[in-house]
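The values are calculated or read from the model by the stated rules, or taken from the named source; none is laboratory data. Just so it is clear, the model here is predicted, and its values are computed rather than measured. Positions of Cβ are backbone-derived with ideal geometry, glycine not excepted, and every protein chain shown enters the neighbour counts. SASA here: full protein model, heavy atoms, side chains in, ligands and nucleic acids out. Shrake-Rupley method; radii C 1.70, N 1.55, O 1.52, S 1.80 Å.
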Amino acid sequence: MRSPVLAFQPAATLSMGQLTLLWREVYSNYPVPLPFTEDELDRFIRMSGMCLELSQIALSDNQPVGLSFAGRDGDTAWIGGFGVVSSHRRCGIGLALMRSQTREMDQQGIRTSRLEVINTNRARRLYANAGYVDRRRLCSFNSPAVGSAADPLVPLSIEELPSLHNRLHVGVSAAPWQRELPGVMRAVERDQLTILGWRGPNGIAAYAVEQNRAGLTHLVDAVAECPSSAEGLVSSLAARSRGRRISLSDEPSNSPIAKAFKRFGASPRILRMEMVRTASQASSLSAPTYGRTYAAA
């Protein structure tokens, strides 16, 4: 029996309609529903800074069966979507696709790349085989608005956001790729989002970018310089959002913001591992040996 021919090419070679069909097949049984329409996927690509020329797709006998969405900023990159359609899993395509993606990133001068994977997803092993190592845990919250007090929040302008983002997103609060400054700025500009600051003794010590949907206050970004400012921000947001739920995605588990959510009784809904690959780690890998692949990550 003839083995299928496996090939890789840039995602830019497919139309948005073809990419949408492939995305929906890849994520059809994913734990978090992601049934994007063509317009929604186009928006995700633009808002997340995905580069379709850097991104890769896998083809088996010329049929698209896997995708890897990648974005970049200088010599740093991130994987914003990765997987293989269910009918072609566990036959080596996932690992081969990831190695094709990392090879392309290496050739384009990428020094560091990141991705996230749900803790229980067996794809963590695949990513480890491609040179990624665990960096930190990320948690997502979606809980009723709770808090013990409320301080006035200060409306901030978009011009104030870059300096605050750069000053506060440091150490344990370093931003995941989804909340790097360019992406947050794009979201604020496109959707006219509200930026709210919590003022401490020495000025703005915490802020949140707020997006209100039906019955939900989603925080596109939130960060605080210390535990007390985090608790002040979360309490004030809760008072402002009383009767609604508050959600925040991919928050570093040891950050002041995550600890404030937990202190007020919110339990993480989704736990993910951030993994990182550097050029030095890549050079230490042995020659690729294609093995099994696992569920979409």
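Element breakdown for the chain at a 1.4 angstrom probe: carbon and sulfur atoms account for 51% of the accessible area. Measuring r between the beta carbons of VAL154 and LEU271 and using R0 = 41 Å, the FRET efficiency lands at 0.80.
Across the stretch 58-117, C-alpha contacts under 8 Å between residues 6 or more apart give a mean separation that, scaled by the residue count, equals a relative contact order of 36 percent. For Cα Rg over 2.2 N^0.38 Å, pick the label among (1) 1.05; (2) 1.47; (3) 0.97 that corresponds to the value derived from the coordinates. Among (1) 1.05; (2) 1.47; (3) 0.97, the one calculated here is (1).
When only the Cβ of Lys, Arg, Asp and Glu is charged (+1, +1, -1, -1), the dipole of the stretch 32-180 relative to its Cα centre reaches about 840 debye.
For ARG46, ARG244, write out the residues from largest to smallest accessible area, computed with a 1.4 angstrom probe and no ligands counted.
Putting ARG46, ARG244 in descending order of accessible area: ARG46, ARG244.
Here the chain is assigned +1 on the Cβ of each Lys and Arg and -1 on the Cβ of each Asp and Glu. Its dipole about the Cα centre then comes out at about 1080 debye. Normalised by 2.2 N^0.38 Å, with N the number of residues, the alpha-carbon radius of gyration of the stretch 142-233 equals 1.03. Relative to the longest principal axis of the Cα atoms of the chain, helix 227-240 runs at roughly 80 degrees. In the chain, a dipole from Cβ-located charges (positive for Lys and Arg, negative for Asp and Glu) runs towards its positive end, and of PRO31, SER249, SER157 it is PRO31 whose Cα lies farthest in that direction.
A straight line joining the Cα centroids of the stretch 60-81 and the stretch 1-46 runs 10 Å. Calculated FRET efficiency, ALA214 to ARG90, Cβ-Cβ distance, R0 = 35 Å: about 0.30 to the nearest 0.05.
Nearest 10 degrees, 0 to 90: what angle lies between the long axis of helix 16-26 and the longest principal axis of the chain (Cα atoms)? Approximately 90 degrees, to the nearest 10. For the stretch 1-121, the solvent-accessible area of protein heavy atoms averages 45 Å² per residue (probe radius 1.4 Å; ligands and nucleic acids excluded). Between the helical axis of 38-47 and the longest alpha-carbon principal axis of the chain there is an angle of about 70 degrees. Relative contact order, whole percent, for the chain stands at 24, derived from Cα pairs under 8 Å and 6 or more residues apart.
Ignoring everything but the protein chains, give the 1.4 Å probe accessible area of THR120 in square angstrom, nearest 10. Rounded to the nearest 10, the figure is 120 Å².
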